[in-house]
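Engineer: Please see the structure below; I have some questions.
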Amino acid sequence: MQRIFSAIQPSGIPTLGNFLGALRNWVKLQDDHECIFAVADLHAITVWQEPAQLAQQTREIAASVIACGVDPGRSVFFHQSAVRAHAQLAWIFNCVARLGWLNRMTQFKDKAGKDRENASSGLYVYPNLMAADILAYHATRVPVGDDQRQHLELANDIAQKFNHDYGVAFFPPIEALVLGPAARVMSLRDGTKKMSKSDPSEQSRINLTDDAETIAQKIRRAKTDPQPLPGDPAGLDGRPEARNLVGIYAALADTDAVGVLREHGGQGFSAFKEALAERLVATLAPIAAETRRLLADPGTIDAILREGAERAAAIADPIVAEAERLVGFLRT
């Protein structure tokens, strides 16, 4: 089995986009990979976090991930800050990565915006920590969206430079995995923007703890256009909202746009939205119920994360200790 690493930030209850783009794939990957999954609380503090809220959101994300089907018995699941190897290796990679490489990272430019001089240095070197997250476990595959490919390329550059500088073949190459037909779910209010937990409009997203009526209402109100659904995917060109809803339905039904439009092509959006809402409720209702059950017992969540951190450290600590030895650090 190849080893997988992936992480999700603790920024509130996950959305449908997180589920279809990442969490559902995490569940499937457990069948044929050795999986290591993390709540990325170190990454979270690259921008200011209210401490009590960060702790609560870490538990919320953990509960949601488990409710989606990630099994802490089959996979290693923990919160990133509990394993010191991440920060230790990240510092080494801060000294391996070149400023020119980091200057090309588009996500820093997007997140810092025009006020980049006031952005934290942690946000700037975020990709180095991401590389450490993966390479501390010698993971060889990472499920990512297209927006993370550049960071993964940088992680490979860092691994290659480390190996070259120290004359070793220590860190393995990493392969990007882009999985699932709806890896990029868009806003229900604007089909050109990614569905996001940070969007100020609750109507823009489906949260994994939304009840059946809320889901149905959000789908009914989702932005569409006056034309009926086309008979084939070519008819979705220039119709981002229609394409988004068809993509969501396809992912839930484990089919593609062709299959969806074969069944629903020619319909108006009213009937299609009703069918889509029914599928969403059937999929998300068990997840919402299990998330609420877990959140009612935070001690159990903490125990799961603590045990996961111990298992993660057992893998990462020897790898990072060897990296430190290669650099020349004394082990006294």
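Okay, residues lined up against (1) more than 21 Å from GLU202 (Cα to Cα); (2) acidic (Asp, Glu); (3) touching a residue at least 40 places away in the same chain (Cβ under 8 Å); (4) assigned by TED's automatic domain parsing to the domain that holds HIS86:
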| position | (1), (2), (3), (4) |
| --- | --- |
| ILE8 | no, no, yes, yes |
| GLY21 | no, no, yes, yes |
| LYS28 | yes, no, yes, yes |
| GLN53 | no, no, no, yes |
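Engineer: Sticking with this one: Go through the residues of region 150-169 one by one and say whether even a single one is in a loop (DSSP other than H, G, I, E, B) and under 21 Å from GLY12 (Cα atoms).
Structural biologist: The answer is no, given that none of the residues of region 150-169 is in a loop (DSSP other than H, G, I, E, B) and under 21 Å from GLY12 (Cα atoms).
Engineer: Moving on to the next point. Check off (1) surrounded by 16 or more Cβ atoms within 10 Å (Cβ to Cβ); (2) outside any helix (DSSP H, G or I) for LYS218 and give me the number that stays unchecked.
Structural biologist: If we test LYS218 against (1) surrounded by 16 or more Cβ atoms within 10 Å (Cβ to Cβ); (2) outside any helix (DSSP H, G or I), just (2) comes out false.
Engineer: For region 66-76, does any single residue satisfy the condition of being within 17 Å of the chain's Cα centre (by Cα) and crowded, with 24+ Cβ neighbours inside 10 Å?
Structural biologist: Checked against the condition, which is being within 17 Å of the chain's Cα centre (by Cα) and crowded, with 24+ Cβ neighbours inside 10 Å, region 66-76 yields at least one hit.
Engineer: Have a look at ALA44, ALA90 and point out the one that is free of Cβ contacts under 8 Å to residues at least 60 places away in the same chain, over 29 Å from PRO286 (Cβ atoms), surrounded by 15 or more Cβ atoms within 10 Å (Cβ to Cβ) and in contact with a helix residue (DSSP H, G or I) (Cβ under 9 Å, 6 or more places away or on another chain). I'd like the intermediate steps shown before the answer.
Structural biologist: Numbers: ALA44 fails: over 29 Å from PRO286 (Cβ atoms).
One residue alone meets the criteria, ALA90.
Engineer: Determine, yes or no, whether LYS223 is in a loop (DSSP other than H, G, I, E, B), more than 24 Å from GLN267 (Cβ to Cβ) and of a type in the set (Lys, Arg).
Structural biologist: Values: in a loop (DSSP other than H, G, I, E, B): yes; more than 24 Å from GLN267 (Cβ to Cβ): no; of a type in the set (Lys, Arg): yes.
No; evaluated as a whole, the condition is false for this residue.
Engineer: Looking only at region 310-330, which residues are in a helix (DSSP H, G or I) and either hydrophobic (A, V, I, L, M, F, W, C) or at pLDDT below 95 (or both)? Working first, answer last.
Structural biologist: Step one: filter region 310-330 for residues in a helix (DSSP H, G or I), giving 310-327.
If the condition is that a residue be in a helix (DSSP H, G or I) and either hydrophobic (A, V, I, L, M, F, W, C) or at pLDDT below 95 (or both), then ALA312, ALA313, ALA314, ILE315, ALA316, ILE319, VAL320, ALA321, ALA323, LEU326, VAL327 are the ones that fit.
Engineer: Just give me the residues in region 240-273 being touching a residue at least 40 places away in the same chain (Cβ under 8 Å), basic (Lys, Arg) and farther than 20 Å from VAL178 by Cβ, in sequence order.
Structural biologist: LYS273
Engineer: Run down LEU276, LEU280 and say which single residue is crowded, with 18+ Cβ neighbours inside 10 Å, free of Cβ contacts under 8 Å to residues at least 60 places away in the same chain and out of contact with any Pro (no Cβ under 9 Å at 6 or more places or on another chain). Steps first, answer last, please.
Structural biologist: Working: LEU280 fails: free of Cβ contacts under 8 Å to residues at least 60 places away in the same chain.
So the residue among LEU276, LEU280 that is crowded, with 18+ Cβ neighbours inside 10 Å, free of Cβ contacts under 8 Å to residues at least 60 places away in the same chain and out of contact with any Pro (no Cβ under 9 Å at 6 or more places or on another chain) is LEU276.
Engineer: Tally time: how many residues in region 187-219 are out of contact with any strand residue (DSSP E or B) (no Cβ under 8 Å at 6 or more places or on another chain) and of a type in the set (A, V, I, L, M, F, W, C)?
Structural biologist: Residues in region 187-219 being out of contact with any strand residue (DSSP E or B) (no Cβ under 8 Å at 6 or more places or on another chain) and of a type in the set (A, V, I, L, M, F, W, C): 5 in total.
The values are calculated or read from the model by the stated rules, or taken from the named source; none is laboratory data. Since we're looking at a predicted model, the values are computed, not measured. For neighbour counting, all protein chains shown are included, and Cβ atoms are generated from backbone atoms with ideal geometry for every residue, glycine included.
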